[in-house]
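Below: the structure, in structure tokens.
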Amino acid sequence: MKLPVSFLFAYLLLSHSSLLAQKKNESYQLHISRATSPVVLDGSVDEPAWQAAEVASDFWMVLPMDTSRAKVRTDVRMTYDEHNVYLSAVCFLGDVPGPYIVESLRRDWSFSKNDNFIFFMDTFDDQTNGFTFGTNAAGAQWDGLLYEGGKANLSWDNKWTSVVKNYSDRYVLEMAIPFKTIRYKKGISRWGINFSRLDLKTTEKSSWTPIQRQFPTASLALTGVLIWDQPPPQPGPNISLIPYALSGLTRDYQNNIDTKGRFNAGLDAKVAVTSSLNLDLTVNPDFSQVDVDQQVTNLDRYELFFPEKRQFFLENGDQFTNFGYATIRPFFSRRIGLGGVPIRFGARLSGKLNKDWRIGIMDMQTGGVSETGLPAQNFAVMALQRRVFARSNIGIMFVNKESMGYESVSNKTLYSHYNRNLGVEYNLASANNLWTGKAMYVQSFSPTQPLNPGQEASSATGSGASAVYAANLQYFSRKWLISGQIESVGENYTAEAGYVPRRGYERVLGTLGYTFLPTGSGILSHGPTLNSTYFFDPAGRQSDNESLLNYTVTFRSKSVLQAWVATDYVRLLQPFDPTNTGRETLATGVENNWTAWGTEFDSKPQSLFTYGFSSRYGGYYANGTRLNLTADLGYRFQPYVSLAASASYNDIRLPQPWGHTTFWLVGPRFDLTVTNTLYLTTFVQYNEQQKNMNVNARVQWRYKPASDFFLVYTDNYLPNSAQIGQDVPGFFSVKNRALVLKWTYWWNL
């Protein structure tokens with residue numbers, strides 16, 4: 001099967017009348033004026049500055065219905081001085097008795113599990129990128145970067161302050177956001193703005209501007225307008241130095257390596273070239289504060305994806321990492337500096353040139369690893385984006401990964417000299433938020449070399465087999481979800497600095513869904529969704545397909561029930577062990593068919609005790625069967641303690657030589673938040689498939705905004721002491737152990 005290239009060109013020219021329409025909520029305007037008195041963050045709005053400020057109130061209900069005004073009252077005011085933009089929100093309680101509902105005092109909490117207030121700033125009024133800040137009812141902070149018109153990356157962190165004070169009938173929050181923390185264009189006096197409130201006791205989500213229930217309140221296309229009495233003040237010299245120092249102890253029991261001490265230090269710097277363009281620099285960075293990845297039982301034939309959490313890569317990171325699709329990413333920053341590869345230094349220039357042009361340039365240098373013969377490598381990325389129509393854009397990207405001193409590399413079959421990707425994409429986003437889509441083309445360039453040991457050499461330079469093209473179009477209204485997508489990834493396409501787990505295929509997929517919206521019942525919405533996906537090999541023969549019918553019921557209490565049935569067909573294109581444990585493999589060309597069904601349920605988040613479960617039962621490879629049961633439990637002693645536990649059980653029954661295989665994956669978690677600046681998290685993960693148990697305990701003290709002390713303890717255990725020659729009491733034996741103390745300080749010059 002060959003996908004029509006002409007479709008891409010037609011798609012690039014796709015034009016809908018709403019593309020050029022006026023901003024939908026243009027009439028919702030809030031005027032902001034310079035403060036008439038000093039603003040003190042104390043949970044009170046009695047200062048003259050607040051009394052003189054214009055009030056945004058009379059919110060619209062988004063859920064459970066989106067056709068009336070909110071029943072729970074919220075009053076918002078904004079003002080500013082030469083250093084900060086200030087916001088206050090008075091969040092009145094509803095008519096349902098009881099205390100507020102929060103998980104804990106931890107930052108970047110789950111939106112759906114906390115009474116909260118959040119606001120969204122589109123500082124370029126381009127309806128694409130912005131910032132979000134907020135707190136829950138207990139004062140825990142939330143901050144993130146907005147991208148792709150309303151998605152939030154909460155891994156971003158920066159300097160700002162807030163206070164929340166609780167009263168018998170309301171809670172009051174005040175925030176101070178430094179102008180140095182955000183990015184905006186000089187002279188612009190209109191920002192997009194919106195405010196969102198969630199009150200779990202009444203199950204009401206509300207928004208200052210009217211938003212249909214299928215859209216998140218973060219949708220930048222649906223913001224109102226913040227009108228400044230004069231353009232926001234320039235922040236002046238805006239240079240931040242963020243040094244760190246780290247010391248620690250490690251011991252490797254598995255390889256009989258005694259305890260080793262370590263000390264490391266490095267520096268990050270942020271330089272505002274303009275108020276909208278930022279230069280990030282890093283020397284000898286360390287990322288030991290990154291949360292441990294959530295382990296999974298991996299029964300997939302292809303590499304799994306884990307998101308980037310490292311601060312250096314996050315600001316404006318969407319321009320790099322969101323180029324392409326979820327499984328076609330020419331650049332993925334987690335390829336840089338993980339797995340024991342040291343980052344020596346790096347620089348990144350990113351931000352807005354003006355309202356229409358956006359740029360990102362990054363260069364990172366890693367060191368070599370003598371144990372594996374990996375040479376030092378350089379990663380260079382350039383991305384340029386131009387806004388078109390109301391919210392759409394056209395972008396280009398160039399990625400270059402190059403090995404330094406490659407001629408001295410002893411084993412050239414393991415490491416390439418260079419790999420380059422050049423691509424262009426068009427992102428469609430209509431002004432009314434109903435239509436979204438993308439069309440892209442990417443070409444890779446690599447020297448002639450074996451693709452894998454034993455294969456004949458082939459050149460990926462300039463041939464159609466080293467290219468990718470893909471396109472999708474989606475329509476999403478209150479009741480209908482309709483989308484289609486095509487992909488073609490060449491056999492020789494390579495993205496060594498990206499994430500493309502599968503090559504040499506063409507793919508067609510479609511989605512059709514409908515939502516019923518009953519009134520006057522305990523059900524908020526319900527409806528079916530049908531997904532169908534087909535893969536074809538380079539010869540045009542079908543290799544995979546999956547068709548899945550799902551029915552979802554969302555209750556007014558915010559609990560959710562799903563049930564599904566699916567049919568699968570897989571013709572293996574390479575050998576595969578269906579248990580993914582390094583055992584015998586099914587041969588290339590073996591065909592597999594099966595049917596499976598499953599359920600999923602998540603309880604209402606208002607309860608102190610929450611739970612969820614899912615099930616899957618049906619066929620599997622080689623005419624076998626697979627049963628999967630998962631359960632999640634949580635209990636909170638709000639706002640200080642949150643307990644959670646998850647468990648997953650897989651029972652796989654196959655013919656010999658595999659036979660009967662079971663896997664347990666268990667992960668209890670304990671969160672203690674003494675204050676909203678002092679946290680203790682202990683996370684345990686037992687993965688039977690990987691034969692590993694991991695214990696990660698971390699104390700974090702945020703002694704100043706964006707400045708931290710970390711104390712991190714990590715243990716890895718093996719379930720069988722005989723395998724490592726250690727006679728340690730208990731069922732598990734230590735593989736390795738580490739203790740790390742890290743200090744960071746954010747210093748604004």
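The values are calculated or read from the model by the stated rules, or taken from the named source; none is laboratory data. Quick caveat: nothing in here was measured; it's all calculated off a predicted structure. Reconstructed Cβ throughout: ideal geometry from the backbone, glycine too, with neighbour counts over all protein chains shown.
Observations, loosely collected:
- Residue match in segment 159-166 (condition: in contact with a Lys or Arg (Cβ under 6 Å, 6 or more places away or on another chain) and in contact (Cβ under 8 Å) with a residue 60 or more places away in the chain): no
- Candidates in segment 599-624 are the residues that are assigned to a helix (DSSP H, G or I) and at positive phi; of these, the one that is surrounded by the fewest Cβ atoms within 10 Å (Cβ to Cβ) is N623.
- One residue stands out in segment 9-25 among those that are surrounded by 12 or more Cβ atoms within 10 Å (Cβ to Cβ) and within 30 Å of Y80 (Cβ to Cβ): the one that is modelled with the lowest pLDDT, namely K23.
- Options L548, L573: the member that is free of Cβ contacts under 8 Å to residues at least 24 places away in the same chain and crowded, with 17+ Cβ neighbours inside 10 Å: L548
- Residues of segment 214-259 satisfying the condition of being closer than 18 Å to I177 by Cβ, small (G, A, S) and either in contact with a His (Cβ under 7 Å, 6 or more places away or on another chain) or in a loop (DSSP other than H, G, I, E, B) (or both): A218, G236
- Scanning segment 263-273 for residues that are free of Cβ contacts under 8 Å to residues at least 60 places away in the same chain and surrounded by fewer than 16 Cβ atoms within 10 Å (Cβ to Cβ) gives F263, A265, L267.
- Residues within segment 671-685 that are over 21 Å from L739 (Cβ atoms), under 25 Å from the mean Cα position of the chain (by Cα) and part of a strand (DSSP E or B), tallied: 1
- Where strands (runs of 3 or more DSSP E) fall entirely within segment 32-93, those with at least 2 residues that are closer than 22 Å to L226 by Cβ and in contact with a Phe, Trp or Tyr (Cβ under 8 Å, 6 or more places away or on another chain) are at 74-80, 84-92.
- Out of I182, I193, I211, I188, sole residue that is of a type in the set (A, V, I, L, M), closer than 22 Å to V39 by Cβ and not in a strand (DSSP E or B): I182
- Search result, residues across segment 290-346 that are under 30 Å from Y620 (Cβ atoms), touching a strand residue (DSSP E or B) at 6+ places or on another chain (Cβ under 7 Å), modelled with pLDDT under 85 and not hydrophobic (A, V, I, L, M, F, W, C): Q295, T297
- For R344, the conditions (1) in a loop (DSSP other than H, G, I, E, B); (2) out of contact with any helix residue (DSSP H, G or I) (no Cβ under 8 Å at 6 or more places or on another chain) all hold with the exception of (1).
- The residue pairs whose first member lies in segment 39-54 and is in contact (Cβ under 8 Å) with a residue 24 or more places away in the chain, whose second member is assigned to a helix (DSSP H, G or I), and whose beta carbons are closer than 8 Å, counting only pairs six or more residues apart or on different chains, are V39/A49; V39/W50; V45/Q51.
- Among the residues making up segment 699-712, those that are in contact (Cβ under 8 Å) with a residue 24 or more places away in the chain and in a strand (DSSP E or B) are Q700, W701, R702, Y703, K704, S707, D708, F709, F710, L711, V712.
- Hits in segment 401-426 (condition: in a strand (DSSP E or B) and in contact (Cβ under 8 Å) with a residue 40 or more places away in the chain): K401, N419, N421, G423, E425, Y426
- Condition met for G589 (modelled with pLDDT under 95, surrounded by fewer than 16 Cβ atoms within 10 Å (Cβ to Cβ) and touching a strand residue (DSSP E or B) at 6+ places or on another chain (Cβ under 8 Å)): yes
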